[in-house]
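Participant: I'd like to ask some things about the structure below.
The values are calculated or read from the model by the stated rules, or taken from the named source; none is laboratory data. Bear in mind the structure is a predicted one, so any value in this text is a computation, not a measurement. Here Cβ is always computed from backbone atoms with ideal geometry, including for glycine, and neighbour counts include all displayed protein chains. Note: accessible area is taken over every heavy atom of the protein model, side chains too, but ligands, DNA and RNA are not part of it. Shrake-Rupley method; radii C 1.70, N 1.55, O 1.52, S 1.80 Å.
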Amino acid sequence: MTEHYLPTDALHQWVEDLWRAAGSDEREARLTADHLIGANLTGHDSHGVGMIPKYVQSWLGDQLQLNRHVTVLSDSGSLLSLDGNRGMGQAVTEEAMQMAIERARQHGVAVLGLRESHHLGRVGHWAEQACAAGMISIHFVNVLSRPMVAPHGGCQPRYGTNPFTIGIPVEGAPPLVLDFATSAIAMGKVRVAHNKRVPVPEGCLLDADGLPTIEPGVMYPEAGATPGALRAFAEHKGYALAFMCELLGAAVTGGHTVRPETLTHPQAIWNNMLALVFDPARLAGSTSFGAELDAFVNWLRSSRLQQGHEQILLPGDPERATRRARAERIPVDAMTLAQLDEAAAFVQKATGRSPGPASRLSTATA
Ligand code: NAD
């Protein structure tokens with residue numbers, strides 16, 4: 001399938017203009033563009049501008065609410081429970097993380113519960129926000145939308161791709177960021193494969209009969225047909241971690257776990273998140289962190305390489321490399337670009353305003 005190349009700055013402006021046209025205030029539109037373009041820049045197209053058609057449907061269905069702020073449900077200093085009020089995840093989560101960072105500055109540690117945010121996107125973005133303030137953060141997230149992942153041993157989808165994320169700041173160097181879906185592949189990557197008409201890697205999907213498949217279309221069945229399911233990563237281990245994300249992200253924060261009774265807003269993707277944010281400088285022994293890290297990384301890299309591998313990477317390295325490669329222009333597949341144009345047309349129809357089709361920004365194809 002044809003890949004289009006769009007200038008990074010122009011695409012950022014287009015996303016900002018689209019949400020301004022829909023009614024977002026300046027801050028919300030900018031944060032949404034920063035986040036979505038940021039995901040494309042790190043190579044996670046699954047969580048980049050390709051999410052916009054879904055967000056627009058959610059907004060048109062009166063599910064995603066624009067210009068909302070978090071409200072405090074309970075506050076005991078270092079423990080903070082917030083409601084995202086079904087607001088744009090890119091804006092309400094920024095606000096929630098900022099509050100948690102402030103609390104961690106005051107108390108050394110903050111435990112943040114954020115419930116009912118609209119899709120909060122690439123969770124690594126929030127770990128990077130904490131790292132930029134010198135904080136370590138650990139995130140457990142559940143996903144309230146149509147179940148996608150089969151529990152280990154099962155073959156029907158029962159929960160979402162529940163991401164797990166850790167960010168660690170490193171003095172004088174970029175942060176270490178571990179950030180992944182607990183499914184064998186993120187659902188957005190199945191969408192990208194489906195749009196590009198390419199198969200997904202083996203071991204990621206089950207078809208409607210519970211049999212292994214590499215065909216992404218099983219997750220997009222005809223109306224009325226039974227969908228397939230994603231598998232957990234690392235067999236029982238990924239499933240068990242996802243189970244904990246469901247309980248810590250949702251049940252502990254007062255959010256909902258995924259069940260037919262809780263799926264009341266089917267066009268939207270809701271996230272609930274538990275984040276632990278703490279100041280490593282205030283932990284005894286943290287002064288030796290840099291030396292320990294360097295020594296450990298040297299030891300790791302002393303390993304002989306497996307065939308087909310050129311180097312041993314650290315969490316966060318692949319995203320940094322892609323950021324450099326995409327600084328000037330971002331590839332968007334033809335199907336996703338057509339969906340962005342359609343989303344802009346929907347916004348135009350609803351409000352009389354729109355930035356025009358994104359496809360006019362395309363400067364090259366491959
Ligand atoms: P992935 O499988 O690409 O894994 C990415 C992680 O692995 C990164 O931390 C990366 O630095 C690290 N990594 C990759 N190769 C490495 C190597 N060779 N050595 C060391 N570390 C390496 O990620 P994914 O599962 O496709 O998730 C993509 C994104 O989807 C994430 O940003 C996640 O937050 C997001 N997500 C969001 C939701 C939601 O509901 N908001 C749900 C699921 C996933």
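Participant: In deg cm²/dmol and to the nearest 500, what is the mean residue ellipticity at 222 nm of the chain if only DSSP H runs of at least 4 residues count, each as -39500 (n - 2.57), divided by the residue total?
Facilitator: -11500 deg cm²/dmol
Participant: On to the next question. At a Förster radius of 41 Å, what calculated FRET efficiency corresponds to the Cβ-Cβ distance of residue 215 and residue 349, to the nearest 0.05?
Facilitator: 0.75
Participant: Another question, if that's okay. Compute the orientation-averaged projected area for region 55-155 from the convex hull of its Cα atoms and round it to one decimal in nm².
Facilitator: 7.9 nm²
Participant: Quick one: of the DSSP bridges fully inside the chain, what percent are antiparallel, nearest 5?
Facilitator: Roughly 85 percent of the DSSP beta bridges within the chain come out antiparallel.
Participant: Ok, one more. Given contacts defined as C-alpha pairs under 8 Å and at least six residues apart, what's the relative contact order of the chain, whole-number percent?
Facilitator: Averaging sequence separation for qualifying contacts and normalising by length gives 25 percent for the chain.
Participant: Give me the dipole magnitude in Debye, nearest 20, for the chain about the Cα centre, with unit charges on the beta carbon: positive for Lys and Arg, negative for Asp and Glu.
Facilitator: It works out to roughly 140 debye.
Participant: With the convex hull built on the Cα atoms of region 107-160, state its orientation-averaged projected area in nm².
Facilitator: Projected over every direction and averaged, the Cα hull of region 107-160 covers 5.1 nm².
Participant: For labels at residue 146 and residue 312 in the simple 7 Å Cα→Cβ model, what's the distance in nm?
Facilitator: Output for this residue pair reads 4.3 nm.
Participant: What is the spin-label model distance, in nm, from residue 338 to residue 156 if the labels are put 7 Å beyond Cα along the C-beta direction?
Facilitator: That separation, rounded to one decimal, is 3.4 nm.
Participant: For the chain, report the accessible area per residue in Å² (1.4 Å probe, heavy atoms, rounded to an integer).
Facilitator: The answer is 46 Å² per residue.
Participant: Return the loop-located GluC sites (Glu not before Pro) in region 182-288 (DSSP other than H, G, I, E, B) with at most 12 other Cβ atoms within 10 Å of their own Cβ; answer none if there are none.
Facilitator: Counting only loop positions with at most 12 other Cβ atoms within 10 Å, the GluC sites (Glu not before Pro) in region 182-288 are 202, 222.
Participant: log₁₀ I(q)/I(0) of the chain at q = 0.09, 0.10 Å⁻¹, via Debye over equal Cα point scatterers, no solvent, to two decimals?
Facilitator: Reported log10 I(q)/I(0), two decimals: -0.51, -0.64.
Participant: Something else: With a 1.4 Å probe and every protein chain left in place, tell me how much accessible area residue 197 has, in Å² to the nearest 10.
Facilitator: The accessible area comes out at roughly 150 Å².
Participant: Obtain the nm distance between the two label points defined at residue 261 and residue 359 by a simple spin-label model: each point lies 7 Å from its Cα along the Cα-to-C-beta direction.
Facilitator: About 4.6 nm, to one decimal.
Participant: Within region 314-356, whose backbone N sits under 16 Å from a point 7 Å along Cα→Cβ of residue 300?
Facilitator: Output list for this probe position: 314-321.
Participant: Something else about it: Would you work out the relative contact order for region 232-347, in percent, from Cα pairs under 8 angstrom that are 6 or more residues apart?
Facilitator: 12 percent
Participant: Ignoring ligands, DNA and RNA, please state the percent of accessible area on the chain from carbon and sulfur, probe 1.4 Å.
Facilitator: Ligands and nucleic acids excluded, carbon and sulfur reach 55 percent.
Participant: In square nanometres, what is the average projected area of the Cα convex hull of region 1-41?
Facilitator: Hull-based average projected area comes out at 3.2 nm².
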